[in-house]
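In what follows, a single structure is set out as structure tokens and then discussed.
What follows is calculated from the coordinates using simple rules that are stated; it is not laboratory data. Since we're looking at a predicted model, the values are computed, not measured. All Cβ positions, glycine included, derive from the backbone under ideal geometry; neighbour counts span all protein chains shown.
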Amino acid sequence: MNSSRKHLVSLMVWCWAALILLVRCGNCQESMILAENPEANTTSPVELNPDWPVIHTPSMTIGYEINSFNINDLERIELWCARGLSGRWQFYDYDQDRTSPVSFIAPAEGIYRFLVVAVDRWGRKSCQTNQNHDDASSHTLPDDLPAHLTVFIDYQLPQLTLLSPQGDIPDYQAKEIPIRWQGFDNHLDANPVYLYYQTQDNPNWIPLAGPLPARGEYMWAIPPQLKGPLVIQVLIYDYAGNQTIAHSGKIHPAPVQPTPDTLPATPVLSETPPAVPLSKTPDKVKDSQEEDAQEKEPLGNKEHSDLSGAPFQPKPKLPESKRLERASQCFSRGMMYCQQMEWPKAVEAFQESLENNPQSLNCRTNLANALFKMCRFEEALYQYQICLKEEPARSSALFGLAQTQIALKQHQNAQKTLTRLLEQDRRDWQAWLLYGDASQQLGNVSLAVNSWQQAAQGDANIARLAQERIKQYQP
């Protein structure tokens, strides 16, 4: 009996060992299949939203605006971030001065979402929290909480190697040039490579082929009319627009002997002239004019109806909390575009923010600043005036208005605006510098020099600019 039990146990152990061996072999075969086909274990790249700002450095600043709290009750500002589109919110840091913007340094490239949270002196936060217990400082944020700002950070250049041709080729006999390259980056499109060439007679780079895969070969048939030397350029772009360039050496194609096949053919003229279109009859002209008038009728004349003829339905307004949240998101995006000097996108973001929160003077001032950067001075002037109508002592709007007035050659108005600014702060060295510029344009050199001397007491950069202006009028 004991012997039978021993044989039974041995048989069960052998069966389990065989089963484990089969499982391991199956896993090994699966691993071999994945190794033979690398694409079987890759994920498709994330499609970037065109509204996401692209950051080309690890460090960045995030602008924000507090609407839900009284500034006197504000205790601290927290910055929360999350990796990817579905990552968990994690606390990053406090904004020590509680004044926009707040700084962030990315540990790696990728998509980041940000949330700026205000906390009052009672520990209450400006957004929903997961309240696990009574300690308000330890509340976490729900994973589905919408971000104020989403960005794509990519600061590394893609790698690129031009495998062929290499070096100078003095007498290239073949009619085709094999161009081979190899590129790599973590954020590449399916076809990120473009080929160009340059001739001795034309310094511009002429498109040759593209878009092409990151690794490949292209056979270029050299046009017979091209004369050497030729240089080939390979460009590779990543999602963020970072690019790497590789050049070949100088290629001197061997001269091509003319043959009957390469001689230009004699052009053949058409024997029959083109037909003249028949003129319209008066009735057809009248009908055509009526049709043209109907086609040119503006769609806006059809009041209270859309293109399908259905009654007009106004867009429903968002709740106030949603509008303020949307305004804050657009404002942060606009500040990010300003940091990247993408002024048209910044203007669009600030305008959308004002549509949801027209009372935000901070957003309106930044909109005016972006319009000024685009040389849209009349529009900037209008926005600055709106700000100063609501808050006459707003220094940033006064300074921007003075700059705009000088750009529009309204120098006397600029002097009046700068006088208001200097009455608030006699140590505003930039205002003194601008006041001197306006006085110079009005022909009052002594007043201009005195103003620049005041500006020379400021920081090193303003002092240098002021001294350069003063030197122009020194004997």
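Values for this structure:
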| quantity | calculated |
| --- | --- |
| 5 angstrom amide H check on D189, placed H, neighbours 5+ away | Y239 |
| Pairs from K227/K250; K125/K322; K409/K471 whose Cα-Cα separation, in the structure shown, is over 18 Å | K409/K471 |
| Angstrom value of the Kirkwood radius, inverse mean 1/r, which spans all Cα pairs in the range 346-412 | 11.7 |
| Amide hydrogen neighbours beyond the local backbone of A214, cut-off 5 Å, H modeled | none |
| Most to least packed among 201-211, 324-334, 343-353, 83-93 [average Cβ atoms within 10 Å] | 324-334, 343-353, 83-93, 201-211 |
| Cut-off under 5 Å, modelled amide H: who pairs with R76 long-range | V119 |
| Ordering of 181-188, 112-119 by packing [mean C-beta count within 10 Å, highest first] | 112-119, 181-188 |
| Under Karplus coefficients 6.51, -1.76 and 1.60, residue-wise ³J(HN,Hα) of the range 402-419 in Hz, glycine/proline x | 5, 4, 5, 5, 5, 5, 8, 6, 9, 6, 5, 5, 5, 4, 5, 5, 5, 5 |
| Positive minus negative residues near E109 (Lys, Arg vs Asp, Glu; Cβ under 10 Å) | -3 |
| In order through the range 454-462: 3J(HN,Hα) via Karplus (6.51 cos²θ - 1.76 cosθ + 1.60), integer Hz, x for Gly, Pro | 5, 5, 5, 7, x, 5, 4, 5, 5 |
